[in-house]
1. In nm, give the distance between the simple-model label positions of V17 and E70, each being 7 Å from the Cα along the Cα-to-Cβ direction.
2. Among A32, H74, L6, whose Cα sits farthest toward the positive end of the charge dipole of the chain (+1 at Cβ of Lys/Arg, -1 at Cβ of Asp/Glu, about the Cα centre)?
3. Given only helices, namely DSSP H runs of n ≥ 4 each adding -39500 (n - 2.57), what is the per-residue ellipticity at 222 nm of the chain, to the nearest 500 deg cm²/dmol?
4. If I stretch the segment between D24 and E52 completely, what's the gain in nm (0.36 nm per residue apart, minus their alpha carbon distance), one decimal?
5. If you put +1 on each Lys and Arg Cβ and -1 on each Asp and Glu Cβ, how big is the dipole of the chain around its Cα centre, in Debye rounded to 20?
6. Give the angle, between 0 and 90 degrees and rounded to the nearest 10, that separates the Cα long axis of helix 2-85 from the longest principal axis of the Cα atoms of the chain.
7. Calculate the translational D of the chain in whole µm² s⁻¹ from Stokes-Einstein, where the hydrodynamic radius comes from the Kirkwood formula applied to all Cα pairs, the temperature is 37 °C and the viscosity 0.692 mPa s.
Amino acid sequence: MKGGHLERVEDARCDLVVSQDAHDSTVEELEATLQELDDLQHSVCELTSDNEKLTDERTILLESLCTQTEKLEHARLQVSQLTIAV
């Protein structure tokens with residue numbers, strides 16, 4: 001009977017070690033996942049900032065394009081009027 005009890009204690013000890021190893025592994029995986037999420041959040045913030053800058057630059061370029069288009073149309077009209085006058 002004593003031998004059976006020792007085997008069960010040893011089996012329980014092995015189960016505990018396996019369970020602890022699985023727990024440690026899970027903790028390590030969760031910590032790595034949290035670090036990846038933190039890195040991704042940092043990337044999202046940087047990309048959001050870059051996107052806002054690009055949006056601002058795009059607005060400036062579109063305004064400039066509209067201004068230049070208006071100037072071009074005005075110049076074409078003047079050329080057309082000068083051509084008719086000549």
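Any read-out appearing in this document is the output of simple, stated calculations on the displayed coordinates, not a laboratory observation. The model shown is predicted, which means the values in this text are computed figures rather than measured ones. Note: ideal-geometry Cβ built from the backbone for every residue, glycine included; neighbour counts use all protein chains shown.
1. Each label point lies 7 Å from its Cα, and together they span 8.2 nm.
2. Final value for the positive-end residue is H74.
3. Rounded to the nearest 500, it is -37500 deg cm²/dmol.
4. Numbers: separation 28, 0.36 × 28 = 10.08 nm, distance 4.20 nm.
Stretched fully, the D24-E52 segment lengthens by 5.9 nm.
5. Dipole size: approximately 680 debye.
6. 0
7. 162
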